[in-house]
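Report on the following structure.
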Amino acid sequence: MRLLALDLGIRMGWALWDGARLESGVQLFELKRGESPGMRYLRFRRWLEEVGEGVQLIVYEAAHHRGGAATEIAAGFTTRVQEFCAARGLEHASVHTATLKKWTTGKGNADKATMLEAVARRWTACQDDNEADAIALAYYALAEIISPGGPGPIPGPPTGPRPKP
């Protein structure tokens with residue numbers, strides 16, 4: 001199972017599970033001087049086509065009202081993910097921010113520092129809260145979407161999806 005987890009935004013955290021290991025990072029979708037806002041979405045689509053090759057599931061943090069441009073951009077990226085999946089017959093799922101935070105830290109309103117610390121303690125250290133969210137999303141998807149009722153709210157790194165009974 002290849003899984004792509006995305007924390008959608010201008011500074012997008014991503015995590016890619018290939019069935020054996022997890023890669024993660026941050027991808028920037030800032031506009032260059034004089035560019036139209038649509039260029040951000042064209043770049044995102046190209047990036048998604050490269051990174052999403054062979055992916056079977058994309059999971060992303062649900063867009064919610066953050067205010068101003070952040071909400072518009074997250075919603076725009078969400079529609080691109082849905083379009084990408086629909087065109088390829090891929091599964092996708094959104095996870096509410098509070099659900100992810102509660103699953104990762106035990107608190108649905110955890111702040112960025114708490115999420116960073118929880119991800120570092122449970123899986124791996126990273127320097128950016130967007131990457132931390134993507135890593136948490138990937139492990140959430142493996143435990144709760146791919147293997148529901150799996151190892152519970154605080155699993156170690158998975159060894160792969162468990163076979164269905």
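Residues in the range 119-135 that are buried (at least 21 other Cβ atoms within 10 Å of the Cβ) and without any contact (Cβ under 8 Å) to a residue 60 or more places away in the chain: Val119 only. When Ala118, Ala141 are checked against the criterion of being closer than 16 Å to Leu4 by Cα, assigned to a helix (DSSP H, G or I) and not aromatic (Phe, Trp, Tyr), Ala141 stands alone in meeting it.
Evaluation of Ala86 against the conditions (1) part of a helix (DSSP H, G or I); (2) under 16 Å from Leu137 (Cβ atoms) shows that the sole unmet condition is (2).
For the range 30-46, indicate whether the set of residues that are surrounded by fewer than 14 Cβ atoms within 10 Å (Cβ to Cβ) and assigned to a strand (DSSP E or B) is non-empty. Among the residues of the range 30-46, not one is surrounded by fewer than 14 Cβ atoms within 10 Å (Cβ to Cβ) and assigned to a strand (DSSP E or B), which makes the answer no.
Computed from the coordinates by the stated procedures, all read-outs in this text should not be read as laboratory data. Here the structure is a predicted model, which is why all the values come from computation and not from measurement. Note that each Cβ is placed from the backbone with ideal geometry, even for glycine, and that neighbours are counted across all protein chains shown.
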